[in-house]
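First comes the structure, then the notes that go with it.
The values are calculated or read from the model by the stated rules, or taken from the named source; none is laboratory data. Just so it is clear, the model here is predicted, and its values are computed rather than measured. Neighbour counts are summed over all protein chains in view; Cβ atoms, including those assigned to glycine, are modelled from backbone coordinates with ideal geometry. These area figures cover heavy atoms from the full protein model, side chains too; ligands, DNA and RNA do not enter into them. Shrake-Rupley method; radii C 1.70, N 1.55, O 1.52, S 1.80 Å.
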Amino acid sequence: MSTVLGFDQIRLPAACETLRREVRAFIAEEVAAGTFTPDRPQYGDAHDRAFSRRIGAKGWIGMTWPKKYGGHERSFLERYVVTEEFRVVNAPVRLHFVADRQSGPILLKYAPEHIKLDILPRICRGELCFVIGMSEPGSGSDLFAAKTKATRTNDGWRINGTKIWTSNAPVADYMLAIFRTSPPTKEDRRHGLTQFLVDMKAPGIKVNPIYQMTGQHDFGEDVFDDAFVPDDHLLGEVDNAWKQATSELAYERSGPERILETFYVLAELVRALGPKPDLRSAEGVGRLVAQLHTLRRMSISVAGMLQAGKEPVVEASIVKDLATVWAQKLPGRVRDLSAFLEPEATNKPALEEQLAFATMVAPKLTIQGGTTEILRGIIARGLGLR
Ligand SMILES: Cc1cc2nc3c(=O)[nH]c(=O)nc-3n(C[C@H](O)[C@H](O)[C@H](O)COP(=O)(O)OP(=O)(O)OC[C@H]3O[C@@H](n4cnc5c(N)ncnc54)[C@H](O)[C@@H]3O)c2cc1C
């Protein structure tokens with residue numbers, strides 16, 4: 001099936017710039033109070049419950065959701081600006097970020113009313129950490145091979161199996177998980193998966209830490225041993241979760257976080273070069289900034305399409321592919337350009353430290369949220385080429 005591909009020409013409205021100034025002022029206060037140090041990538045990967053609560057109190061979580069559920073009925077473009085400002089300085093937003101970006105919108109669409117009234121306001125207050133339970137040992141790209149089983153009981157479901165590579169698992173409150181409720185059929189291998197809201201503090205769930213190359217353990221393997229999920233935690237249709245999972249990915253794949261994950265090395269290089277860079281460095285930085293600008297326009301366009309109620313799955317996949325390949329190559333390009341730095345550039349040690357960190361982080365960028373190969377498959381299918 002082919003899709004008409006289009007990036008709407010969207011620019012951020014003037015009102016967004018007022019909001020941007022408010023966010024910058026808030027961030028400056030937090031930095032002055034010692035919450036985090038801008039441009040230190042280690043902070044961006046941190047969970048800070050108190051900081052998330054303060055962001056919630058400002059009205060910057062669940063910004064696009066109905067007021068009835070604690071949201072603020074603002075636009076996706078306004079949310080874009082807030083996300084961008086926090087990401088560009090590596091603020092520690094990981095505690096609430098997944099819930100804000102994709103779990104909340106899924107609950108809004110598929111959860112029963114009393115669950116929405118209970119959980120969504122707590123997300124908006126910055127109180128809850130959500131995680132994504134899709135990957136399993138042996139099924140990452142191929143989500144439809146998931147084996148972790150949900151078996152019906154009188155008043156709910158019993159879960160047995162293992163999820164893996166779960167970001168933020170060690171601090172998770174809830175997971176949105178895809179479990180197998182029936183075998184796939186001959187005609188449709190996507191059949192038989194169902195989405196659930198899982199309380200990660202329930203008995204029968206054990207999270208084993210997985211360490212990153214950087215030494216951080218924000219990752220986990222989640223073992224379900226007869227864990228109980230009540231009936232009202234079922235989301236959407238039984239056996240038919242593949243559609244929900246696919247539309248969730250449009251939220252996950254195209255945001256500014258995809259472009260900005262290693263941005264700090266470019267910012268540090270520009271600081272090191274100072275106001276009068278040599279011609280070669282200026283040209284190198286100019287090229288990178290032009291590419292960044294283009295990616296940002298495309299990412300804003302996807303935010304605008306989400307605002308218009310579209311499901312830009314193919315466009316989001318294109319942004320994720322281009323942005324993550326760019327962000328992955330950025331540390332290498334910055335390292336090359338740093339060869340022209342004056343030996344006495346004062347922030348050279350900081351740049352070296354950031355480059356070392358970014359180099360260890362870079363490989364994951366084209367794996368998490370769907371690998372490059374998978375994205376290109378989706379794009380090709382969307383264009384009617386396969
Ligand atoms: C930092 C990070 C965070 C993550 N966070 C989460 C999370 O929170 N929740 C979660 O559920 N998962 C998470 N993941 C898991 C991630 O979604 C999977 O790693 C990813 O989907 C790839 O799956 P896999 O590791 O099993 O590799 P595989 O699917 O085995 O792929 C191995 C290689 O084969 C290629 N390949 C596979 N199938 C095809 C195909 N059909 N066509 C062409 N090439 C193909 C892939 O591109 C890849 O290069 C995270 C991963 C990382 C690195």
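Tabulated values for the structure
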{"read-out": "Residue list for the range 109-156, filter: in contact with a Gly (Cβ under 6 Å, 6 or more places away or on another chain) and among the aliphatic types (A, V, I, L, M)", "value": "Leu120, Ile123"}
{"read-out": "Tabulated pairs, the range 108-130, first modelled with pLDDT under 95, second in a helix (DSSP H, G or I), C-beta under 8 angstrom, 6+ apart or interchain", "value": "Lys109/Gln244"}
{"read-out": "Residue check, Ala323 surrounded by fewer than 16 Cβ atoms within 10 Å (Cβ to Cβ) and either over 30 Å from Ile106 (Cβ atoms) or not basic (Lys, Arg) (or both)", "value": "no"}
{"read-out": "Selection from the range 177-198 of residues that are open to solvent by less than 70 Å² (accessible area, probe 1.4 Å) and of a type in the set (Asp, Glu)", "value": "Asp188"}
{"read-out": "Condition met for Ile378 (farther than 27 Å from Lys276 by Cα, aliphatic (A, V, I, L, M) and open to solvent by 10 Å² or more (accessible area, probe 1.4 Å))", "value": "yes"}
{"read-out": "Criterion violated by Glu373 - all others in (1) open to solvent by 80 Å² or more (accessible area, probe 1.4 Å); (2) more than 16 Å from the ligand (Cβ to nearest atom); (3) part of a helix (DSSP H, G or I) satisfied", "value": "(2)"}
{"read-out": "Of the criteria (1) more than 15 Å from the ligand (Cβ to nearest atom); (2) open to solvent by 50 Å² or more (accessible area, probe 1.4 Å); (3) assigned to a strand (DSSP E or B), which one Lys201 fails", "value": "(3)"}
{"read-out": "Members of the range 247-293 found to be of a type in the set (Gly, Ala, Ser) and either open to solvent by less than 10 Å² (accessible area, probe 1.4 Å) or touching a residue at least 60 places away in the same chain (Cβ under 8 Å) (or both), listed by number", "value": "Ser247, Ala250, Ser254, Gly255, Ala267, Ala272, Gly274, Ser281"}
{"read-out": "Qualifying residue in the range 344-366 (condition: within 16 Å of the ligand (Cβ to nearest atom), free of Cβ contacts under 8 Å to residues at least 60 places away in the same chain and either aromatic (Phe, Trp, Tyr) or part of a loop (DSSP other than H, G, I, E, B) (or both))", "value": "yes"}
{"read-out": "Breaking point among (1) touching a residue at least 24 places away in the same chain (Cβ under 8 Å); (2) under 26 Å from Pro41 (Cα atoms); (3) open to solvent by 40 Å² or more (accessible area, probe 1.4 Å); (4) not acidic (Asp, Glu), for Gly215", "value": "(1)"}
{"read-out": "Residues of the range 120-143 satisfying the condition of being open to solvent by 20 Å² or more (accessible area, probe 1.4 Å) and either under 14 Å from Gly220 (Cα atoms) or near the ligand (Cβ under 7 Å from one of its atoms) (or both)", "value": "Ile132, Met134, Ser135, Pro137, Gly140, Ser141, Asp142"}
{"read-out": "Pair list, Cβ under 9 Å, 6 or more apart: the range 149-172 residue part of a strand (DSSP E or B), other residue within 10 Å of the ligand (Cβ to nearest atom) and among the aromatic types (Phe, Trp, Tyr)", "value": "Ile164/Phe219; Trp165/Phe219; Thr166/Phe219; Ser167/Phe219"}
